[in-house]
Every structure is written in C-alpha cells, then in structure tokens.
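Down below is the structure, laid out as structure tokens.
Please treat every number below as a calculation from the coordinates, not as lab data. Just so it is clear, the model here is predicted, and its values are computed rather than measured. FYI the Cβ positions are ideal-geometry reconstructions off the backbone, even for glycines, and counts take in every protein chain you see.
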Amino acid sequence: MHQYFQEVQQLINVIVEEEQSKMTKAAELIAERIQNGGILQLFGCGHSHILAQEAFYRAGGLVPVRPIFIEPLMLHKGALTSSANEKDPNFVSQHRHQFEFNPNDVLIIVSTSGRNVVPIDVALLAKEAGVLVISLQSLHYKEQVSKHSTGKRLEDTADFVLDTHIPVGDGLLWKNSVQYGPASTTIGSAILNTTLSQVIEILASEGVEPPVFESANLDGSKEKNDCMIAKYSRRINFE
C-alpha cells in the first residue's frame, strides 16, 4: 500500500477516535433544524468550496443542502484572485446580497486554516441571523495568527467545531524537506459524509422520511427527486 493511503488511514483512525461524538452531536443539531424547516448551507473559499459542492445535489445525499456560490472566491475564476479575495476585509459586505439565512438554518464553514477574513466574516453574518455555525477546520493551525481585524480565528467564532486534524501545510508526506500529498479535501469529505449520513439515520429513526436524492441514473428516480426538489426549490436553486 502506498504511504499516502497509510497516512490517510491513520488520520481517519484519529478522526473516528476523537471526532465521532462531535460528528454525532453536529448531526443531531442539523437534523433538528431540518425538521424545524431549516436547510443546511455550506461555504468555503478556494479548495474548501469543493466540499460545499460535494454535499449538493448528491445521489444518496440530503436534499436540503445549499452551497453558497460566490464565484470570485472560487478557483475557476482565478486561483490567485480567490486567495486574495478570501483575505479582503470588505469582501463580505460587498457580497452580502448573496447570503440568504433563516434562523433555523445550519451553516457549515470549511476553512482548513481558520485564519482568513472571509470565512470569519461569513460566520459572524450567519450568527447575526440566528444561524447555527459549524466549522470544519484543522485545529493544528490554531497557533497561526488570525488575519481578521478582531484577532479572532474561526474556532473562536463558530458555535461548533469539527476538527480535521490536518497537519499545518496540508500534506501528509515528506521527502527531501518537501511536504506533499494534501488531504484536507479527502478527510473533510469523509467527515462531512459521515455527519450527513448520521443526519439521515436520525431523521429515519424519528419517523421522518429522510429527504435523500436517488441517483438520476436509476430508472424511476426522477419522479421522487422532482417532488423533493419542488419542496425545497424556494430556498435552493437546483436549476
């Protein structure tokens, strides 16, 4: 087995040991708010946005999931541009119209370092609206000084933290003083899908039909999926 697989497996073992109870608690909070009419929103900049898309319109995944698409923060609009915008203290106020929060919503903010301005500003904006904020980040970065004007890092701002345990620098491998083999997306996806799977199980155990997408590649799935899309299309753009 390649060393990358070995390192990922070891990190997953750490997550199971140290984060399982927190994932379960996060799932309980999300399930409760979905039952109260809320949705799950996800936000991230650069590579972190990949995880926001991972949970959206996903076969076998929750229907009431809204990724927050702000293109100047996304890699396809320019990697350097995205990185610069994530540090801009004026960015969120200039794009405030793209955030639509209701009090029963849950927002998961993905930011491996937890130190950049925009994820922290988004957390503060969501909390003003009464939204429960969960961060998905690595607390190994907690010694890295915040770039926010308040001096707060993301874990200081979120209501609940899920720790990816990703090492500073992201890479799991070293050779000749070179760090490589990034894992934040791999581990973040595992944590996210574990948590959302538990949301589905909680809803089912409470007698609620879980709003789960069937694969569009299965015969007969369209009618069920269209029904659920119609239920949530007021809050989520599936077009």
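Brief remarks on what is shown
- For the pair ARG235 and GLN98, the difference between a 0.36 nm per residue extended length and the Cα-Cα distance amounts to 48.1 nm.
- Expected 222 nm ellipticity per residue - DSSP helices of 4 or more, -39500 (n - 2.57), all of the chain, to 500: -13000 deg cm²/dmol
- Relative contact order, percent, segment 80-135 [alpha-carbon distance under 8 Å, six or more residues apart]: 43
- Under the simplified labelling scheme, the LYS77-LYS222 pair shows an inter-label distance of 3.4 nm, with each label point 7 Å from Cα along Cα→Cβ.
- Projecting the Cα atoms of GLY207, GLY61, SER149 onto the dipole axis of the chain, where Lys and Arg carry +1 and Asp and Glu carry -1 at the beta carbon, places SER149 farthest toward the positive end.
- The equivalent ellipsoid of the chain has semi-axes of 28, 23, 17 Å, largest first, where each one is the square root of 5 times an eigenvalue of the Cα gyration tensor.
- Distant alpha-carbon pairs in segment 153-199 (separation over 13 angstrom), percent: 65
- Structural descriptor for the chain: relative contact order 23 percent, calculated from alpha carbon pairs under 8 angstrom and at least 6 residues apart.
- A simple charge model with +1 on the Cβ of Lys and Arg, -1 on the Cβ of Asp and Glu and nothing else charged puts the dipole of the chain at about 580 debye relative to its Cα centre.
- Low-density loop cleavage sites - GluC sites (Glu not before Pro) in segment 1-110, where at most 16 other Cβ are within 10 Å (DSSP): GLU100
- Packing-based ranking of 123-135, 195-207 yields 123-135, 195-207, ordered from highest to lowest mean Cβ neighbour count within 10 Å.
- Take every DSSP beta bridge whose two residues both sit in segment 3-232; close to 25 percent of them are antiparallel.
- Pairs of Cα atoms nearer than 8 Å and 6+ residues apart set the relative contact order; for segment 90-204 it is 21 percent.
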